[in-house]
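> Sharing a structure below in structure tokens format, with a few things to ask.
The values are calculated or read from the model by the stated rules, or taken from the named source; none is laboratory data. For clarity, every value in this text was computed on a predicted model and none was experimentally measured. No Cβ is skipped: glycine too gets one built from the backbone with ideal geometry, and neighbour counts run over all protein chains shown.
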Amino acid sequence: MLKKNAETIVSIRDVHKSFGQLEVLKGVSLDVKKGEVICVIGPSGSGKSTLIRCINALNNIQGGEINVCGIDLTDPKLDKLELRKRVGMVFQQYNLFPHKTALENIIMAPTMVLKQDRAASEKRAFELMQKVRLEGKEHAYPGELSGGQQQRVAIARSLAMNPDVMLFDEVTAALDPETVKEVLVTIKDLAQEGMTCILVTHEMGFAREVADHIYFTDNGVIVEHGPPKTFFNKAKDPRTKEFLSQIL
Amino acid sequence: MASRFSTSIPGIGKNGSTDLPVLKPFAPSQPVAFNTSAWLANLPPWTGLVLLLPMMIWPFASHAGGNFTMTDAFAALIKWMPFLLKSGFLFNVIISLFAMLIGTFLGIILGLGQISKTGIIRRFSWFITQLFRNSPWLVLLFIVLLAFPFEITIFGVIIMIPDWTKAVIGLSLPIMANISEIVRGAVLSVPTAQWEAAESLAFTRQQILWRIILPQCFKRMIPPWMNWYAILTMATPLCSLLGVEEIITLSRQAMESENNHPELLVPFYSFALGLFFLYCYPIARVTMHLERRYSVKI
């Protein structure tokens, strides 16, 4: 397939990260090719979220190397803004700006960070709202939207920056089962359009359906990884088996 | 229904009472910063009339002793009222407005300094804030009065500094320190997730602070800010100790010119008290109203 020959867009090598005495990542390595969808799964506290937050430098690493779109994150002169223009991120708690409407939330970064023309940004924002199936909600404030709707606005807000990679940090964990679906459909659309996505998720069914590759983390290391079919049906590691038996 | 409860659920007695540990609804305590406004706003509006009552009955009580009658005391007060209001109380209001203006401006700068990423600026702002926040206002007033020259020369032009300007500066210092704390507290009250979301969209720190964080907490700063204005206004009579001609100074002078009859004391000071009440009470009511309104919605 095309994806096999594609360039590597995110490369993580032997990454170590501690919060004080607590070592959260103990040598994690993974590669993401352009257009791939990667799911990171694992029990709570295994370092999944920390790992994904290292990719856009919200967390600093203590050891190892991370390279995103050709930008070396261990460079002391790292231009974080340049990196973050190319990496979008969606959070568990949506984190929309509550004093701005959905439309303003979306056009803020393109106009202020990328210095794009306001009219063009607005046109694109309307397109994005359509893409996440929220036409007509452009002028609603976050407080007037449901959790699922807010999360889709948050996705549109990240997409407005035209990122090369999208990070999703447990984006459905705060939603009720019915709204989970509408958010997952949005992400699936993105994946099918060829957006490179890295997801931390507890939605196993979704991971099996959309992921090209699944990584299982436990206690700060990647225990096992593979394509969904092999991973879910022929897991080798006892820790993975135990985890899957509890979830599936 | 009631009987079913009393019989079928262990631990729950008749009328739904229980001896089991129960989590009561969370009732947040009144923020300490609002003590003044909360207390003032909780007074019924007719308190103002009660305050004016001593002014009415004092001359009756003291009538027996001398030949200075209630009518005389009242006539004196009514004669002086327009002067006390226009030259006295109005000046208190002017002092409070200027002190608030300067205090707010400096306080915002100092408050933002307290959340600076540069350690020296942060520690310096913190020190200044704590210093002026915890000093007695009267001491600050005297220091400013004595430390500042009565005139300064800029490019050969001599500019006089009247005492009331010094009073404004002296009063603006504790206001500055308290506004600084309000700004710091409000910025820190915005969840860090907002910072992270903005950072991940490649906003600079300046943009995040001015365009995303401060607009969110602006509303939350208004009630405590008004609370401090009310406190400041009620502190302006301190200026009379510096010889500034505000309402208390003028009341004293007016009584002197009326031959210092002791019968005058209560009517004149009650009048001043009534004026402060009439001015600060609505502010306190609005403050508490806004506080309730803004505390619900984040």
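> Condition (residue is surrounded by fewer than 14 Cβ atoms within 10 Å (Cβ to Cβ), small (Gly, Ala, Ser), away from chain B (no Cβ under 14 Å) and within 22 Å of residue A:181 (Cα to Cα)) applied to segment A:131-143: is it met by at least one residue?
Within segment A:131-143, one or more residues are surrounded by fewer than 14 Cβ atoms within 10 Å (Cβ to Cβ), small (Gly, Ala, Ser), away from chain B (no Cβ under 14 Å) and within 22 Å of residue A:181 (Cα to Cα).
> In segment B:163-171, is there at least one residue being small (Gly, Ala, Ser), modelled with pLDDT of 95 or more, in contact with a helix residue (DSSP H, G or I) (Cβ under 9 Å, 6 or more places away or on another chain) and crowded, with 20+ Cβ neighbours inside 10 Å? Give the steps one after another, and end with the answer.
Applying the first criterion (small (Gly, Ala, Ser)) to segment B:163-171 yields B:167, B:170.
Filter once more, so that each one left must be modelled with pLDDT of 95 or more: none.
No - not one qualifying residue is present in segment B:163-171.
> With (1) more than 8 Å from every other protein chain (Cβ to nearest Cβ); (2) on the phi > 0 side of the Ramachandran plot as the list, and residue A:100 as the residue in question, which single condition is left unmet?
(2)
> Do we have residue A:214 as assigned to a strand (DSSP E or B) and either among the β-branched types (Val, Ile, Thr) or farther than 18 Å from residue A:166 by Cβ (or both) here?
yes
> Here is a follow-up. What is the residue count in segment A:62-72 for residues that are outside any strand (DSSP E or B) and either within 14 Å of chain B (Cβ to nearest Cβ) or buried (at least 21 other Cβ atoms within 10 Å of the Cβ) (or both)?
1
> So which of B:211, B:252, B:205 ends up being surrounded by fewer than 19 Cβ atoms within 10 Å (Cβ to Cβ) and within 25 Å of residue B:141 (Cα to Cα)?
Step by step, each of B:211, B:252, B:205 is checked, and only B:252 is surrounded by fewer than 19 Cβ atoms within 10 Å (Cβ to Cβ) and within 25 Å of residue B:141 (Cα to Cα).
> Same structure, new question: For segment B:174-223, what are the residues that are part of a helix (DSSP H, G or I) and of a type in the set (Phe, Trp, Tyr)? Working first, answer last.
In the first step, residues of segment B:174-223 are kept if they are part of a helix (DSSP H, G or I); the result is B:174-189, B:192-200, B:205-223.
Within segment B:174-223, B:195, B:210, B:218 qualify.
> One residue is enough: does segment A:59-69 have a residue meeting the conditions touching a Lys or Arg at 6+ places or on another chain (Cβ under 7 Å) and closer than 22 Å to residue B:191 by Cα?
yes
> Another question about this same structure. With segment A:7-51 as the region, which strands (runs of 3 or more DSSP E) entirely inside it contain at least 1 residues that are among the small types (Gly, Ala, Ser) and touching a residue at least 60 places away in the same chain (Cβ under 8 Å)?
The qualifying strands (runs of 3 or more DSSP E) are A:22-33.
> Among the residues of segment A:157-191, write down those that are under 11 Å from the mean Cα position of the chain (by Cα) and in contact (Cβ under 8 Å) with a residue 40 or more places away in the chain.
A:158, A:165, A:166, A:167, A:168, A:169, A:170, A:171
> Might you let me know whether segment A:37-50 holds any residue that is at the interface with chain B (Cβ under 9 Å from one of its Cβ atoms) and touching a strand residue (DSSP E or B) at 6+ places or on another chain (Cβ under 8 Å)?
no
> Also, quick follow-up: Restricting to segment B:218-249, what's the tally of residues that are closer than 30 Å to residue B:136 by Cβ, of a type in the set (A, V, I, L, M, F, W, C) and within 14 Å of chain A (Cβ to nearest Cβ)?
Number of matching residues: 1.
> Which of (1) more than 22 Å from residue A:213 (Cβ to Cβ); (2) at pLDDT 90 or above; (3) of a type outside the set (Ser, Thr, Tyr) does residue A:167 not meet, given it meets every other one?
Failed condition: (1).
> Before we move on, is residue A:203 closer than 13 Å to residue A:41 by Cβ and within 14 Å of the chain's Cα centre (by Cα)?
yes
> Can you tell me how many residues within segment A:132-156 are touching a residue at least 12 places away in the same chain (Cβ under 8 Å) and part of a helix (DSSP H, G or I)?
The qualifying residues number 12.
> Please work out if residue B:216 is of a type in the set (S, T, N, Q) and over 30 Å from residue B:186 (Cα atoms).
Taking the combined requirement at face value, the residue does not satisfy it.
> Return yes or no: is residue A:77 crowded, with 17+ Cβ neighbours inside 10 Å, of a type outside the set (Asp, Glu), more than 21 Å from the chain's Cα centre (by Cα) and part of a loop (DSSP other than H, G, I, E, B)?
Working: crowded, with 17+ Cβ neighbours inside 10 Å: no; of a type outside the set (Asp, Glu): yes; more than 21 Å from the chain's Cα centre (by Cα): yes; part of a loop (DSSP other than H, G, I, E, B): yes.
No: the conditions fail for residue A:77.
> If I ask for residues that are over 18 Å from the mean Cα position of the chain (by Cα) and closer than 25 Å to residue B:242 by Cα, which ones from segment B:166-196 would you list?
B:166
> Going through A:231, A:243, A:168 one at a time, which residue ends up being of a type in the set (Phe, Trp, Tyr) and in contact with a helix residue (DSSP H, G or I) (Cβ under 7 Å, 6 or more places away or on another chain)? Walk me through it before giving the result.
Numbers: A:231 fails: in contact with a helix residue (DSSP H, G or I) (Cβ under 7 Å, 6 or more places away or on another chain); A:243 fails: in contact with a helix residue (DSSP H, G or I) (Cβ under 7 Å, 6 or more places away or on another chain).
On inspection, the qualifying residue turns out to be A:168.
> May I pose another question? Within segment A:80-97, can you find the residues that are of a type in the set (A, V, I, L, M, F, W, C), more than 7 Å from chain B (Cβ to nearest Cβ) and assigned to a loop (DSSP other than H, G, I, E, B)?
Start the filter on segment A:80-97 by keeping residues that are of a type in the set (A, V, I, L, M, F, W, C), which leaves A:81, A:83, A:87, A:89-91, A:96-97.
Applying the additional criterion that residues be more than 7 Å from chain B (Cβ to nearest Cβ) yields A:83, A:87, A:90, A:96.
Answer for segment A:80-97, where residues must be of a type in the set (A, V, I, L, M, F, W, C), more than 7 Å from chain B (Cβ to nearest Cβ) and assigned to a loop (DSSP other than H, G, I, E, B): just A:96.
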